[in-house]
1. From B:Phe75, B:Phe64, grab the single residue that is away from chain A (no Cβ under 14 Å) and closer than 16 Å to B:Gln6 by Cα.
2. Filter the stretch A:1-16 down to the residues that are more than 19 Å from A:Gln83 (Cβ to Cβ) and either in contact with a Gly (Cβ under 8 Å, 6 or more places away or on another chain) or exposed (fewer than 15 other Cβ atoms within 10 Å of the Cβ) (or both) and list them by number.
3. So which of A:Glu96, A:Glu44 is free of Cβ contacts under 8 Å to residues at least 40 places away in the same chain and of a type in the set (Asp, Glu)?
4. Any idea which of B:Thr71, B:Thr93 is among the β-branched types (Val, Ile, Thr), assigned to a loop (DSSP other than H, G, I, E, B) and buried (at least 16 other Cβ atoms within 10 Å of the Cβ)?
5. Conditions first: (1) over 29 Å from A:Ala7 (Cα atoms); (2) within 13 Å of another protein chain (Cβ to nearest Cβ). B:Gln41 passes all but one, so which condition is the exception?
6. Within the stretch B:88-97, is there a residue that is in contact with a His (Cβ under 6 Å, 6 or more places away or on another chain), under 21 Å from A:Ser95 (Cβ atoms), hydrophobic (A, V, I, L, M, F, W, C) and in contact (Cβ under 8 Å) with a residue 40 or more places away in the chain?
7. Would you be able to tell me the number of residues in the stretch A:13-38 that are polar (S, T, N, Q) and within 17 Å of A:Asn76 (Cα to Cα)?
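The values are calculated or read from the model by the stated rules, or taken from the named source; none is laboratory data. Everything numeric here is computed off the predicted structure, so don't read it as measured data. Note that each Cβ is placed from the backbone with ideal geometry, even for glycine, and that neighbours are counted across all protein chains shown.
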Amino acid sequence: AQKVTQAQTEISVVEKEDVTLDCVYETRDTTYYLFWYKQPPSGELVFLIRRNSFDEQNEISGRYSWNFQKSTSSFNFTITASQVVDSAVYFCALSEAGSYIPTFGRGTSLIVHP
Amino acid sequence: DAMVIQNPRYQVTQFGKPVTLSCSQTLNHNVMYWYQQKSSQAPKLLFHYYDKDFNNEADTPDNFQSRRPNTSFCFLDIRSPGLGDAAMYLCATSIFGTEQETQYFGPGTRLLVL
């Protein structure tokens, strides 16, 4: 069975600090997809990134970067120079091949103080 | 340009009084999902529609029902809300329901049961 663990319940940083959100997953499949979603206080989950299991290239999008390491079953998310607007709950999710119902982690609440 | 719309954003109901939450989408996606999200928890899938085919999660209480009269609309009916049903209810869509797709979420309806 698939499982996603986000061990960090809450992280508090000061603006401009870098912060990394951890995501560790378990799956028996060789083909799977990993996602990150952001949930701001307004409630809507916003898609950030999707990565398939065959693509281990790290990705950078502005201040956001993702580190996918199959060897450690991790898909970590780093925000560089954090801003107050980054304050939200961030969810990591996993979909196995043949199942379009993702399994979500419990989320990490990020609080960025001015 | 809202793509997944949920109404109302906030709903207050009384213990045992039926309530209906609505979701509409302008994306023409085949799959629509209903999630329940309680405070500091991951979204929990209640059920989903693949076109008109209804798929209920095994642990979704019978108290929760859903209707999808057409591609654009989906409703969540809670027949006899209990205090434990107070939560955020999220509607989401995806195009075909494959494991590689992202889900598009609405802003959610926060339900309060008095």
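1. On the way: B:Phe64 fails: closer than 16 Å to B:Gln6 by Cα.
On inspection, the qualifying residue turns out to be B:Phe75.
2. Matches in the stretch A:1-16: A:Ala1, A:Lys3, A:Val4, A:Thr5, A:Gln6, A:Ala7, A:Thr9.
3. Details: A:Glu96 fails: free of Cβ contacts under 8 Å to residues at least 40 places away in the same chain.
None of the other options fit; the residue is A:Glu44.
4. Working: B:Thr93 fails: assigned to a loop (DSSP other than H, G, I, E, B).
Residue meeting the stated conditions: B:Thr71.
5. Status for B:Gln41: all satisfied but (1).
6. Scanning the stretch B:88-97 turns up at least one residue that is in contact with a His (Cβ under 6 Å, 6 or more places away or on another chain), under 21 Å from A:Ser95 (Cβ atoms), hydrophobic (A, V, I, L, M, F, W, C) and in contact (Cβ under 8 Å) with a residue 40 or more places away in the chain.
7. Filtering the stretch A:13-38 down to residues polar (S, T, N, Q) leaves A:20, A:27, A:30-31.
Subsequent filtering for residues that are within 17 Å of A:Asn76 (Cα to Cα) retains A:20, A:27.
Number of matching residues: 2.
One line per residue, one yes/no per condition, for (1) touching a helix residue (DSSP H, G or I) at 6+ places or on another chain (Cβ under 9 Å); (2) not in a loop (DSSP other than H, G, I, E, B):
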site: B:Gln36; (1), (2): yes, yes
site: B:Leu45; (1), (2): no, yes
site: B:Thr60; (1), (2): no, no
site: B:Ser66; (1), (2): no, yes
site: B:Leu76; (1), (2): no, yes
site: B:Thr98; (1), (2): no, no
site: B:Thr102; (1), (2): no, no
